[in-house]
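Working notes, beginning with the structure itself.
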Number of protein chains: 2
Amino acid sequence: MSLDAVLRRIDEDLPAATDRLLHLLRIPSISTDPAYRSDCDRAADWLVDDLRSIGIDATKRPTAGHPMVVGHGSDAGRHLLFYGHYDVQPVDPLNLWERDPFDPAVEETPAGQVIRGRGASDDKGQLMTFVEACRAWRAVQGSLPARVSFFLEGEEESGSPSLVPFLEANRDELGADLCLICDTGMFDRETPAITTMLRGLLGEELILTGPSRDLHSGAYGGIAVNPIRALARIIASLHDDQGRVTVPGFYDGVAEVPDEVQAQWRALGFDAERFLGEVGLTTPAGETGRDPLHTIWARPTCELNGILGGYTGDGFKTVLPSEARAKISFRLVGQQDPLKIRQSFRAMVQDMLPSDISVEFHDHGASPASHMDISDPAFEKARRALSDEWPKDAAFIGAGGSIPIAGYFKTILGVDSMLIGFAQEDNAIHSPNEKYDLESFHKGIRSWARILDALAR
Amino acid sequence: MSLDAVLRRIDEDLPAATDRLLHLLRIPSISTDPAYRSDCDRAADWLVDDLRSIGIDATKRPTAGHPMVVGHGSDAGRHLLFYGHYDVQPVDPLNLWERDPFDPAVEETPAGQVIRGRGASDDKGQLMTFVEACRAWRAVQGSLPARVSFFLEGEEESGSPSLVPFLEANRDELGADLCLICDTGMFDRETPAITTMLRGLLGEELILTGPSRDLHSGAYGGIAVNPIRALARIIASLHDDQGRVTVPGFYDGVAEVPDEVQAQWRALGFDAERFLGEVGLTTPAGETGRDPLHTIWARPTCELNGILGGYTGDGFKTVLPSEARAKISFRLVGQQDPLKIRQSFRAMVQDMLPSDISVEFHDHGASPASHMDISDPAFEKARRALSDEWPKDAAFIGAGGSIPIAGYFKTILGVDSMLIGFAQEDNAIHSPNEKYDLESFHKGIRSWARILDALAR
C-alpha cells in the first residue's frame, strides 16, 4: 500500500528534513521590524527553491510589504490550498534566550528531542511538516494524491497588511476546494486536534501626550499632568471587579457555548493547574466563574501587550514624561464586530482623558472570530487520519489564538479551511527559547501524509 | 571701590568665562550610566585644574562611585563652603535634541543669547558662576574677600550614594561657617531668589512578575494574569479623586504653610497660566483647591517617572509579558518621614497584588524636606546683594525640587546652607535642549561677586 511506503520514506528522510528546517530557521525573517526586510525576502526565496525541488511551480510574488510565495502542483484530484507563514516574531528580550534564536539546533531535553530556535514552531516548523509530506509522496509515488497549491505569507506576525489585497487580486488563481492551514496546536501530547473555532483579534496602540516636553518632577511635580498616571487610570478601568471588559457594547454578539459542546470540552479533561503551572502560575485569571478552557476558547478578552513611558533605563531620573503609550489587544469571539469595538474603545478612552492630555490611536489590525463548518465530510476524514497516527483520537477544538486568514479564505475566496497543527503549549512561541518537538515535526509530516491520502479518497 | 573693579573685570572676561564653561560642557559626565564613568572622572580632573588656576588647593578624591573635587583657598575671613555638582542627567530621548547635547554652543534666540547643551544649567553653568566670581576677585584684588572651600560632587543626578560616607569621613575638613549652594533658580526673569524651603525625595522602583516567561496572548489570554494590568491598577490607586496621595500615613508631618508666608507668596504674583503654558499645558493638576505655587513649594506629591512592560518596539506583538516595572518618586515636605512612607507604600503595593503576581522593590534614595533658618543675618546680607544686581528685589522662596545636600550639611557638618541660583524655569533641565541664559551666567557671576563682598563685611 502506497501510504505505508510514504510513511517509511518519511521515517528514513527525517534527518534530511530536519536539516532543511534548520536551514530555513537560520534566516531571521522578523516581519514587524524593517531591519529584517531582506531576510524576509531571503526566506521567501528559500521556499520557492524548496517547493520547486518537489515539483511545485512556485514563484515569489511582490506585495507592498513582504513577498508571498505561491506555487501550484500539476497533479490531479481534489484541489487543496495549503497556507503557512514564513515570518517570525521578534526575539526580545534577547538576554533570556539560552542560544542565539537564529542559530537553531536539535537539543536533547528530559522530555525528548526538540528543535530550538525562533520560528521552530511558529510557523516554519509547522509549514515544513506539510512540505515534507508532499516531498515523501512524490518520492515514493511520483505524484501527490491531490492537486496541491501553496500560499505562504511573510506578514502574519505583523498584521498581514498585504493579505486581503493579494487575495482579492488573485482570487481566481488561489481558489480551491478546501484550504489546509498548519498554524495551530494539538490538544495535548497524545491528542491531535482540528481547530474549528478561532478567536478574532483587534490591535490598538494609544499614545497619550501631556506636557510638550519632559519636565523635571521637582519643578513641575504636583501641577503638571502626568501621562503615565492618566494611562494607568485608563488601563485599570478596562476590566471590572469580575474580570469583565468594560468597553461599552463589548459583549454584543458573544453567545454562550451550547451545553453539549461545553460537555465535550469538559470530557477532554483539560488540566488548568498543569497548563498554568508550566508558566509559573497557579490561579486562572479572567472572568469570575468561567471554566478555564471555556475562557480560552470561547470568551473575549482585553490584554495589555506593552507599555512605555518616561525614563526606563538604569538608575533613576526624576522626570515627568511628555508621553506614555500602550499596546492593547482584544481577543474576540462569536459575532463580535471588531470595528464597532474599536470605535467604542476609542470613545471610552477619549472620555477618560484628563485636561491637557491628548491621545493618538494606531490601528494594529482587526479580524472577527472564525467558525468552521464541520458538516463537510473532509473534516471527519481528516479526523480519522489523524487518529490513526496518534495515541488518542483527534478532537474538534477551539483555540484562543487568531488566524484571520481562515476568515478571509471564506469571505474572499469562498473556500472553507481546515486547521491542523502539531504545536504543544510549552513551545514558547512569541517567547524566548521557542522550540518544536522533534516528535511534532516527525509525526506531523506523517499526519499530513495520511490526511492527503484520506482527502483523496 | 574694589567691588566695582571686580564687576568690570567680570564683564570684560565674559567671553573667556563662556569658553571655559563650553569646555566643561563637552565632557559627557552622565553619572547614572556606567558607560560614562571615565567622562565623570575627566570632568573632575578639569575642575581640579581650573580651581588650581585660581589659587585653590584642589584635589580629586576617590569614592566608591564618581570622585569628589575638594579645594581650599588660603584667604582670611568667614569660611564659606561652596557646593555644586559636575555630573549631568542622561540625554534621552536623543532624537528630540536640536544639537548634539555634548557639542554646546552659544545660540541666538528671540529671548536673547543662550548657552545650549546638557548641563548648561544643571549644574555646570551654575557652579561656574561661583568659580568665575572667585577668579575675578582674585584677578583684581589678588585675594578673595572670604576663606572659600569647594566641594563638587559627581553623583547628584544618580542619588548621591557616596555623599554621606564622604561627608562623615571628612567632617573636620569640610566644616565651615556657611555653605553656599548654586543649584536653584530665580523666581522669575527679574526677581532673584534665595531658596529657603526644599522638598524631600523618595525614589522607588517596583518590578511586578507574573508568568515565568512571556506568553502568547492567544494561547493564554484570559486565564493568565497580566503584570501590566496589575501595575496599572496599583498606579491608578495612588491618588484619590481629589488628587491626594492614598499611601496610608502619607500626610503625617505635612503642616499647613502659615498664613503670612502664603500671603508673601501670593504677592509674588506667580502666573500659573504662563508657567504651564510654556510646556503646553493649561490646567494646574494636583490636589483640588490648592493654590498652584503652594502646590509646587509646600505640598507633597507622588509622580510616575517611568514605566515599561511587554513589547514596546515598532509594530505589534501579541504577548502577555512576564514582567512590568515602574519608577515612582515622592516629593516630600515638612516633617514627612521618607522611610516610613517607603514602608507604607511597599505594604500598600503588596496588599494590592493579585494572585500569582510577585513584586521586587528597588530603593532609589530617600531624603526629607529642608528648611533654612533665615534669622542668620547672612541671609539678609545676601538678599540685599542680589537685589543690587537685578531689576527686582530678591525673595525668600520655596522650591519643588530636592537638594538633599542641604540637609546633610546641617546634620553631618552642622552647617547651614544658603541656596542661590540663576536658572530660569524654561531651561529644560533633565530634558532635551537644556540651556542656560547667557544673562543668567553673566549676572550670576556678578551676583556671587557681590555676595562674597557682602558676606565678608
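In region A:51-100, the alpha-carbon atoms span a convex hull of 140 Å³ per residue.
Treating each Cα of region A:1-63 as one equal point scatterer and applying the Debye formula with no solvent, the log10 of I(q)/I(0) at q = 0.20, 0.21, 0.26 Å⁻¹ comes out as -0.88, -0.92, -1.10.
Among A:ASP122, A:ASP337, rank each residue by its count of other Cβ atoms within 10 Å, from fewest to most, as a rough exposure measure. Intermediate values should be presented prior to the final figure.
Working: A:ASP122 27, A:ASP337 17.
Lowest count first: A:ASP337, A:ASP122.
Here chain A is assigned +1 on the Cβ of each Lys and Arg and -1 on the Cβ of each Asp and Glu. Its dipole about the Cα centre then comes out at about 380 debye. Each of B:SER143, B:HIS216, B:ILE228 was scored by the projection of its Cα onto the charge dipole of region B:126-241, and the greatest displacement toward the positive side belongs to B:HIS216; charges sit on the C-beta of Lys, Arg, Asp and Glu. Across bins of 20 angstrom width beginning at 0, how are the C-alpha pair distances of chain B distributed, in whole percent? In order of increasing distance, the bins hold 23, 55, 20, 2, 0 percent. Projecting label points 7 angstrom from Cα along Cα→Cβ for B:GLU278 and B:ALA105 puts them 2.4 nm apart.
Computed over region A:119-233, relative contact order equals 19 percent, with contacts defined as Cα pairs under 8 Å that lie 6+ residues apart. Rounded to the nearest 10 degrees, the angle from helix A:37-53 to the longest Cα principal axis of chain A is 10 degrees.
Using only DSSP helix segments of four residues or longer, with each worth -39500 (n - 2.57), what per-residue ellipticity at 222 nm results for the protein assembly as shown after dividing by its residue count and rounding to 500?
On the way: 28 runs with 315 residues, N = 914.
Result for the protein assembly as shown: -10500 deg cm²/dmol, rounded to the nearest 500.
Counting only alpha carbon atoms, the long axis of helix A:227-236 and the longest principal axis of chain A meet at about 60°.
For a test of the definition: using alpha carbon positions, the gyration tensor, and the 1.5 limit on a/c, classify region B:207-246 as rounded, prolate or oblate. Verdict is prolate for region B:207-246.
Placing R0 at 25 angstrom, the Cβ-Cβ distance between B:HIS371 and B:ASP241 gives a FRET efficiency of 0.20 after rounding to 0.05.
Rounded to the nearest whole angstrom, the semi-axes of the ellipsoid equivalent to the protein assembly as shown, taken from the Cα gyration tensor as √(5λ), stand at 66, 28, 22, largest first. The dipole here belongs to the protein assembly as shown: it is taken about the Cα centre, uses +1 on the Cβ of Lys and Arg and -1 on the Cβ of Asp and Glu, and is about 20 debye.
Shielding of peptide B:422-434 by partners, expressed as the average count of other chain Cβ atoms within 10 Å per residue Cβ, is 3.
The residue list A:TRP97, A:CYS40, A:ILE10 was ranked by how far each Cα lies along the charge dipole of region A:1-116 toward its positive end, using unit charges on Cβ atoms, and A:CYS40 comes out on top. For chain B, the longest principal axis of the Cα atoms and the long axis of helix B:2-25 meet at an angle of about 40 degrees. Our note on the geometry: Cα centres of region B:228-266 and region B:406-457, 29 Å apart.
Each label was represented as a point 7 Å from its Cα along the Cα-to-Cβ direction; for B:ALA16 and A:ALA347 these points are 7.1 nm apart.
Once you reduce region A:107-150 and region A:1-61 to the center of their Cα atoms, the two points are 8 Å from each other.
Would you work out the relative contact order for chain B, in percent, from Cα pairs under 8 angstrom that are 6 or more residues apart? It would help to have the intermediate numbers written out before the result.
On the way: 932 pairs, mean separation 118.4, N = 457.
With pairs under 8 Å counted, the relative contact order is 26 percent.
Peptides A:221-234, A:157-170 ordered by packing proxy, namely the average of other Cβ atoms within 10 Å per residue, highest first: A:221-234, A:157-170.
With a Cα cut-off of under 30 Å and a minimum spacing of 8 residues unless on different chains, the lysine pairs in chain B number 23.
Taken together, the values in this text are just the output of simple stated rules run on the coordinates, not laboratory data. Everything quoted here is computed from the prediction, not taken from an experiment. Counting neighbours? That spans all protein chains shown, and the Cβs are built from the backbone with ideal geometry, glycine included.
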